[in-house]
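Presented below is the structure to which this report refers.
The values are calculated or read from the model by the stated rules, or taken from the named source; none is laboratory data. These numbers were taken from a predicted model, which means no experiment stands behind them. Neighbour counts are summed over all protein chains in view; Cβ atoms, including those assigned to glycine, are modelled from backbone coordinates with ideal geometry.
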Amino acid sequence: MARGFLILLSFFTRIPVGNKIEFDEESYVKGLSLYSLMGAVIGLLLAVINLIFNNVYIFLLKGLMLTISYIFITGGIHLDGTADTSDGIFSGRKGGRIFEIMSDPHIGSFGVLSLILVVFSQIILFSYADVYTVFMMPVTGRLSVIVASWGKKYAKDTKGMGTLFIESINNNVLIINLLTALLFVLIFPYRLTFLIAVIATLMIAYFMSCKIEDEIGGMTGDTCGFILETSQIIFMMIILFLKG
């Protein structure tokens, strides 16, 4: 499982974990139980950035630096899926035509709009977020993907990058990731606020995955990216609303 965790870090982030970490399907599947913990590693790095820029008096600078840092740490891997999913799902087309649009290397108008909304939302929300929210954002985002993929099948007939991920989310993976996130919620202040925000975000993420399933028959790697980025924004908005 430890090897699987390092594979996750090497695959889903730009955090250097050594050149000797080669992809191993069995270890990768075992590592999915620690997917939310990988979010905690990202959250810890963001928390450090938050503390550095927390007292800067230029409005939105902290949010800008956190957004840049997050994109740098993750390599923007999920932003690509967000754009592709937006182009396909919001195109008004059905079935196979949606997959064709999502697979098109050219970004469409809905993809551009989704990226603008995600990036600007992160800048603004990060600017108002405290260090605990900053830490929990990537944890909740990755847990949302686990919940959204649970009980779903891979939508495409051909195998893709997300096939192994989606088809490996079983009850054990779900429970371990839920317990991991719960542990972090319990050790932070504002436990009830964070618990409500996490639960609400997970419910919305699962609802989105069901709507996506209605459209294309399941989940893909791109739709996982879309749900992750969207869920993180929803989580921070709920936190600010509850604290406001």
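Candidates in the stretch 57-77 are the residues that are free of Cβ contacts under 8 Å to residues at least 40 places away in the same chain and hydroxyl-bearing (Ser, Thr, Tyr); of these, the one that is surrounded by the most Cβ atoms within 10 Å (Cβ to Cβ) is SER69. For the stretch 30-37, the count of residues that are among the charged types (D, E, K, R), loosely packed, with under 13 Cβ neighbours inside 10 Å and either at pLDDT below 85 or within 26 Å of ASP80 (Cα to Cα) (or both) is zero. Exactly one residue out of LEU143, LEU125, LEU113, LEU164 is surrounded by fewer than 16 Cβ atoms within 10 Å (Cβ to Cβ), in contact (Cβ under 8 Å) with a residue 60 or more places away in the chain and under 23 Å from THR223 (Cβ atoms), and it is LEU164. Out of all the residues in the stretch 31-44, is one or more in contact (Cβ under 8 Å) with a residue 24 or more places away in the chain, among the hydrophobic types (A, V, I, L, M, F, W, C) and farther than 26 Å from PHE11 by Cβ? No, the conditions are met nowhere in the stretch 31-44. Of everything in the stretch 213-244 that's among the aromatic types (Phe, Trp, Tyr) and in contact with a helix residue (DSSP H, G or I) (Cβ under 8 Å, 6 or more places away or on another chain), which residue is nearest to TYR154 (Cα to Cα)? Result: PHE226. Find the residue count for the stretch 138-168, including only residues that are assigned to a helix (DSSP H, G or I) and farther than 14 Å from THR230 by Cβ. Total satisfying the criteria: 8.
Figure legend. Inter-residue proximity from the stretch 226-244: first residues closer than 19 Å to VAL185 by Cα, second residues of a type outside the set (D, E, K, R) and not in a helix (DSSP H, G or I), beta-carbon distance below 9 Å, spacing 6+ or different chains. Indicated pairs: MET236/ALA129; ILE239/ALA129; ILE239/TYR190; LEU240/ALA129; LEU242/TYR190; LYS243/TYR190. Considering ASP80, ASP84, the condition of being in contact with a Gly (Cβ under 7 Å, 6 or more places away or on another chain), under 20 Å from VAL145 (Cβ atoms), touching a residue at least 60 places away in the same chain (Cβ under 8 Å) and surrounded by fewer than 21 Cβ atoms within 10 Å (Cβ to Cβ) is satisfied by ASP80 alone. Selection within the stretch 40-56: residues that are of a type outside the set (A, V, I, L, M) and surrounded by fewer than 17 Cβ atoms within 10 Å (Cβ to Cβ). The member of this set that is nearest to the chain's Cα centre (by Cα) is ASN54. When the stretch 213-228 is filtered for residues that are in contact with a Gly (Cβ under 8 Å, 6 or more places away or on another chain) and assigned to a helix (DSSP H, G or I), the ones remaining, listed by number, are ILE216, GLY221, ASP222, THR223, CYS224, GLY225, PHE226, LEU228. In this entry, PHE188 passes the filter for residues that are among the hydrophobic types (A, V, I, L, M, F, W, C), at pLDDT below 95 and over 24 Å from MET1 (Cα atoms).
Residue-level analysis places TYR154 among those that are among the aromatic types (Phe, Trp, Tyr), surrounded by fewer than 23 Cβ atoms within 10 Å (Cβ to Cβ) and touching a helix residue (DSSP H, G or I) at 6+ places or on another chain (Cβ under 6 Å).
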